[in-house]
Every structure is written in C-alpha cells, then in structure tokens.
Amino acid sequence: MDKTKAVENLDKVISKVEAARLRVSEHHIVKIIGISKYSTSEDVATLYSAGQRAFGENKVQDLKQKSTDLEELPLEWHFVGRLQKNKINNLIDLNPTLVQSLDSLELAQELNKKLEAKNKKMSCLLQINSAKEDSKTGVMPEDAIEIYEKILNECPNIRLKGVMSIGAHVEDRNIIKDSFTTTKSIFDELKKHGAKYCSMGMSSDFELAIACGSNMIRVGSTLFK
C-alpha cells in the first residue's frame, strides 16, 4: 500500500465516522483503531504517515513483531484477540496501551496475578458476548456488571476502562443493532465506575455501532485494502 492509497482509505473512514458521530452529537468523539492483523509492518508505517496512530493486533507474537519493527514510531498498540493464559507474560512485557479482550473473570484473575508478580498494571476492556453467540467469547450481558465490579474489587493491577463487544454475526441489521444497544446500556451503567470506552463496530458495521453509542471502533480491511 502506498501513501496515496493510505491517505485515501483513511480519509474515507474518517468521513464516515464524522458523519455518523455528528448524527449522535457534535460532542461525541470516536477513536479509530486500525486492525493490522492481516497487514505488514510496512503498511502500518504507511498508514502512520497518513495520520493513523492507534493499531490493533489479535496475536501476541504479531504484536511483538510489529511493535519491534516500528519501535521508532510513537504508535498506540491495542491487543484485540483472545488472550491465552500461556501468553499473558509475553503480553505484559509488550505493554500495550489497551487490551480489549478480557473475556472472563478467570482470565482477569490470572492476568492480575501475573501483573502483580511483575509489579505492573494494565488497562483493559471487559468483552461482552452481547448476542450470546457460541462462536464468540466474552461474559454474558446479564453477568457483565457483576463481573466488572468483581474485577475492580479483586484485581487491583487491572485498570478497567470500559467494555468491548462484537456485533451479532448475522445479516439482519436490527439484530446487530440490538447487540450494540445491549452493550451500550451496560456501558452506561458502568460509567459510575469510571468506564470510558465503549468499543463496538468493525469495518462492516461501525456506522451502526456509532449510532448506538460506540466511541471506539476497530477497522481493518477498510483501511488496509
């Protein structure tokens, strides 16, 4: 991908985000995370030169490779994939800005234990399986608030910053919207605990997610095509 294409792709995404957020409120701010899991370090560097700063990877080894390749750039790295327990120490050492995929109380407890051992802290989002799909991980919507509060109380080395969910994997936009609305209502409940981010929406549905209140989106193919 060359610089011209990167600028074109980023401008298109920003234009759509701007239109969507302004339909919510002129004060509604949306953060764009470029999901680079199928792209090269060179592509990330090109998008950086076009103005994109935050990127997400779903494998610890890929995050390590790209963050090492691009260590001279002031990039903001997010981990967005399923975190295996045997990779926790490796991820802690990489010190990502945000882990968006804390998908259970058990994982939070294990992560906290290893953070304590290293005397480190980590910012995370609680992943919610808002559509209750077997193919997705995450806590059930009806358990989300209780689990969020337990992590706050029991895992002092984890800084919970909000919630994340993936829209329902269906064609029906109303069902997708319902899954986003479910997550947003949980996020609103958690604002009293300092929840800042409601991360919903990917390349195929981020405009709908923003309409439902998302303030962080994860865009891959639209940016890197």
Exactly one of (1) more than 26 Å from Gly34 (Cβ to Cβ); (2) surrounded by fewer than 23 Cβ atoms within 10 Å (Cβ to Cβ); (3) touching a residue at least 40 places away in the same chain (Cβ under 8 Å) is unmet by Thr137. Its number?
(1)
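Being in a helix (DSSP H, G or I) and at pLDDT 95 or above narrows it down to one residue among Gln52, Gln61; which is it?
Details: Gln52 fails: in a helix (DSSP H, G or I).
The unique qualifying residue is Gln61.
Among the listed residues Ile145, Ile151, identify the single one that is of a type outside the set (D, E, K, R), assigned to a helix (DSSP H, G or I), closer than 30 Å to Leu115 by Cα and open to solvent by less than 30 Å² (accessible area, probe 1.4 Å).
Working: Ile145 fails: open to solvent by less than 30 Å² (accessible area, probe 1.4 Å).
The unique qualifying residue is Ile151.
Mind listing just one residue for me: the one in the range 171-207 that is of a type outside the set (A, V, I, L, M, F, W, C) and in a strand (DSSP E or B) and, of those, least open to solvent (accessible area, probe 1.4 Å)?
Step one: list which residues in the range 171-207 are of a type outside the set (A, V, I, L, M, F, W, C), which gives 171-174, 177-179, 181-185, 188-189, 191-194, 196-197, 199, 201, 203-205, 207.
Keeping just the survivors that are in a strand (DSSP E or B) gives 197, 199.
Values: Tyr197: 51, Ser199: 0 Å².
Across the range 171-207, the extreme among qualifying residues is Ser199.
Among the residues of the range 34-72, which ones are of a type in the set (Phe, Trp, Tyr) and open to solvent by less than 10 Å² (accessible area, probe 1.4 Å)?
Within the range 34-72, the subset of a type in the set (Phe, Trp, Tyr) is 38, 48, 55.
Of everything in the range 34-72, just one residue is of a type in the set (Phe, Trp, Tyr) and open to solvent by less than 10 Å² (accessible area, probe 1.4 Å), namely Phe55.
Yes or no, residue by residue, for (1) surrounded by fewer than 17 Cβ atoms within 10 Å (Cβ to Cβ); (2) of a type in the set (A, V, I, L, M); (3) touching a residue at least 12 places away in the same chain (Cβ under 8 Å); (4) not in a helix (DSSP H, G or I):
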position	(1), (2), (3), (4)
Thr4	yes, no, no, no
Glu8	yes, no, no, no
Ile29	yes, yes, yes, yes
Ile32	no, yes, yes, yes
Pro74	yes, no, yes, yes
His78	no, no, yes, yes
Arg82	yes, no, yes, yes
What about Lys132, is it touching a residue at least 24 places away in the same chain (Cβ under 8 Å) and either open to solvent by 50 Å² or more (accessible area, probe 1.4 Å) or within 15 Å of the chain's Cα centre (by Cα) (or both)?
no
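The values are calculated or read from the model by the stated rules, or taken from the named source; none is laboratory data. If you're wondering where the values come from, they're calculated on a predicted model, not measured in any experiment. Every residue, glycine among them, receives a Cβ derived from its backbone with ideal geometry; neighbour counts consider all protein chains shown. When the accessible area is computed, the model is the full protein with side chains, heavy atoms only, and any ligands, DNA or RNA have been set aside. Shrake-Rupley method; radii C 1.70, N 1.55, O 1.52, S 1.80 Å.
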